[in-house]
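> Please find one structure pasted underneath; my questions will follow.
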């Protein structure tokens, strides 16, 4: 299966606006999202469910999101929701949020022939640094 970095970015943007934290009875309670819910967002209509779910899995593997296990009444794992974006995930997202920066990042990674998440993150960071330096 091929990782679509546009879907990866889109999932993080979706999670950032969809995940919520609130105080209930003096405790911090966070929402969670079933990965299957993400596909219903309009930005993913041209992508298959498998592509979106694979991006979720890769975000988890890369340490950019945390997943929490739900346990059924019989004690078995029912499914694994997404419960938050990690600090590393927020850092990555900040570097790829801007559409112009994202476009330049994709152009560079395409030329280099590498779209590994760590490389995309490094390139995005360099693109942002270049903008700061006026390059």
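> Of the conditions (1) free of Cβ contacts under 8 Å to residues at least 60 places away in the same chain; (2) surrounded by 15 or more Cβ atoms within 10 Å (Cβ to Cβ); (3) within 16 Å of residue 6 (Cβ to Cβ), residue 81 fails just one. Which one is it?
Residue 81 satisfies all of (1) free of Cβ contacts under 8 Å to residues at least 60 places away in the same chain; (2) surrounded by 15 or more Cβ atoms within 10 Å (Cβ to Cβ); (3) within 16 Å of residue 6 (Cβ to Cβ) except (3).
> Another question about this same structure. Which condition breaks for residue 130 when tested against (1) under 19 Å from residue 19 (Cα atoms); (2) at pLDDT below 90; (3) assigned to a helix (DSSP H, G or I)?
The single condition residue 130 does not satisfy is (1).
> Then there is this: Can you work out which of the residues in the stretch 91-103 that are without any contact (Cβ under 8 Å) to a residue 40 or more places away in the chain and part of a helix (DSSP H, G or I) is surrounded by the most Cβ atoms within 10 Å (Cβ to Cβ)?
It comes out as 95.
> Which residues, counting only those in the stretch 7-20, are in contact (Cβ under 8 Å) with a residue 12 or more places away in the chain and farther than 10 Å from residue 52 by Cα? Steps first, answer last, please.
From the stretch 7-20, those in contact (Cβ under 8 Å) with a residue 12 or more places away in the chain are 7-16, 18-19; that's our starting set.
Once the filter is applied, which keeps residues that are in contact (Cβ under 8 Å) with a residue 12 or more places away in the chain and farther than 10 Å from residue 52 by Cα, the stretch 7-20 yields 9, 12, 13, 14, 15, 16, 18, 19.
The values are calculated or read from the model by the stated rules, or taken from the named source; none is laboratory data. Every value quoted in this text rests on a predicted model; they were computed, and no experiment measured them. No Cβ is skipped: glycine too gets one built from the backbone with ideal geometry, and neighbour counts run over all protein chains shown.
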